[in-house]
Every structure is written in structure tokens, then in C-alpha cells.
Amino acid sequence: VLGSMLNGVAPPTEAAAFGAAGALFIGLCKRKLTWDIIYSSCYETLSVSSMVGWTMIGAGAFGSVFSGLGGNTLVANIAMNMPGGPNMVLAVSGVFIFVLGMFLEPGAIIFLAVPIIIPILTRMSFDPLWLGLAFNFILQTAYLSPPFGLSLFYLKGCAPDDIDIVAIYKSSVPFILLQILAVVIIFFFPSIVMWLPRYLGIGV
């Protein structure tokens with residue numbers, strides 16, 4: 001799947017179809033593929049696809065209204081006149097993405113906030129590929145962070161009954177600190193995350 005995308009053989013959508021076909025083939029070979037599994041997989045796929053589709057529709061409507069009312073121009077003017085220059089705008093954008101990530105799904109943030117923030121930062125000469133990687137790390141950190149921490153709730157669903165949510169919150173602190181350290185390193189040393197894309201010739 002990854003090889004077909006990196007080599008330009010197939011876009012992500014077609015590569016995902018190859019992956020699904022491969023999973024079906026493996027299931028057939030292992031004789032573990034049943035009609036119940038196929039039905040549940042199709043139902044889950046339809047549910048997730050519908051959720052993503054409605055998110056995109058809502059985000060598109062929000063973006064059109066926001067832009068039509070002059071919101072993009074207002075945000076751009078505030079960013080351009082912000083004390084501290086581009087680095088301060090980048091830091092504020094990172095904090096904004098982090099706060100949103102504590103309460104919203106990453107997909108919703110990508111569709112709602114990123115189209116507003118990224119054009120402003122790229123106009124300030126920040127590399128869009130680096131911004132995408134940095135914001136992904138920020139979203140990962142936010143996904144672990146209380147008070148909501150969506151991944152912590154997922155973990156609670158898989159944990160034994162004697163482990164409560166407070167214990168999960170406490171155990172997540174070291175990982176949150178490591179993620180924050182990684183974000184700081186990425187911001188001060190961009191080449192750490194850019195060497196692989198440059199080696200592969202992506203975005204350069």
C-alpha cells in the first residue's frame with residue numbers, strides 16, 4: 001500500500017482498495033472470512049465513510065460562510081500584525097490546534113481549522129510539508145491530553161474493569177511530556193522531520 005503511493009503507482013484511495021483486497025485474500029487463504037465478518041466490515045466502513053462525508057460537507061459549508069463574511073481576511077490581518085512576528089503566529093497556531101485537538105476529532109480539525117491557518121503560515125515562508133508534520137505531532141499530543149483525551153477513553157474501553165479512568169490519566173502523563181518534548185524539538189530543529197521527505201524527494 002505504502003509502496004504504491006510513494007512510487008506514484010496509485011493515489012491513496014486506490015491504494016486503500018488494494019489493501020482491502022489483500023485483506024480479503026488473506027482472510028480467504030486462512031479460511032477465516034465469513035459472511036458475518038463481511039457484513040460487519042461493510043457496515044463499519046459505511047458508518048465511518050458517512051461520518052467523514054458529513055464532516056466534509058459541514059466543514060465546506062463553514063469554510064464558505066467564514067470566507068464569505070470576511071473571516072479569512074480578518075484572521076490574516078490579525079496574524080500579520082501580531083507582535084513577535086511569524087514565530088509568534090506559529091506558536092499561537094500550535095496552541096490553537098492543541099486546544100481543538102483535546103475536544104475534536106483530528107479529521108474535523110483538518111477540515112475546519114487547517115484551511116484557515118496553513119495559507120497564513122505558508123505566506124510567512126513556512127514549509128507546508130513541515131507544518132503538516134508538526135501539526136500532526138501536536139494533534140497526537142492533544143489526543144492523549146485531559147480533560148477529554150479521546151485516545152484515553154478508547155484505552156478505557158479496552159482496559160480491565162479494575163482500572164479506572166483516573167489511573168489511565170495519570171499513566172498518560174509521561175507520554176504527554178515526551179510528545180511535548182518532541183513538538184518542541186520539531187519546532188526548533190525542523191531538519192529532524194524533513195530529512196526523510198527530502199531523501200524520498202517529497203515536497204522538495
Check G8, G94, G19 and return the single one that is under 25 Å from G132 (Cα atoms), part of a loop (DSSP other than H, G, I, E, B) and either of a type outside the set (S, T, N, Q) or out of contact with any strand residue (DSSP E or B) (no Cβ under 9 Å at 6 or more places or on another chain) (or both).
G8
Listed residues G63, G71, G19; which is at pLDDT 80 or above, surrounded by 10 or more Cβ atoms within 10 Å (Cβ to Cβ) and not hydroxyl-bearing (S, T, Y)?
G19
Expected output for region 95-107 (first residue closer than 15 Å to A59 by Cα, partner among the hydroxyl-bearing types (S, T, Y), Cβ below 8 Å, 6+ apart or cross-chain) is E105/T55; P106/Y143; G107/T55
Can you pull out every residue in region 120-142 that is of a type in the set (S, T, Y) and part of a helix (DSSP H, G or I)?
T122, T141
Being out of contact with any Phe, Trp or Tyr (no Cβ under 9 Å at 6 or more places or on another chain) and either among the hydroxyl-bearing types (S, T, Y) or surrounded by fewer than 11 Cβ atoms within 10 Å (Cβ to Cβ) (or both), is that true of even one residue in region 133-147?
yes
Filter region 143-180 for residues that are assigned to a loop (DSSP other than H, G, I, E, B) and of a type in the set (D, E, K, R); the one that is farthest from the chain's Cα centre (by Cα) is D162
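The values are calculated or read from the model by the stated rules, or taken from the named source; none is laboratory data. Treat the numbers as computed from the prediction; the structure is a model and nothing was measured. All Cβ positions, glycine included, derive from the backbone under ideal geometry; neighbour counts span all protein chains shown.
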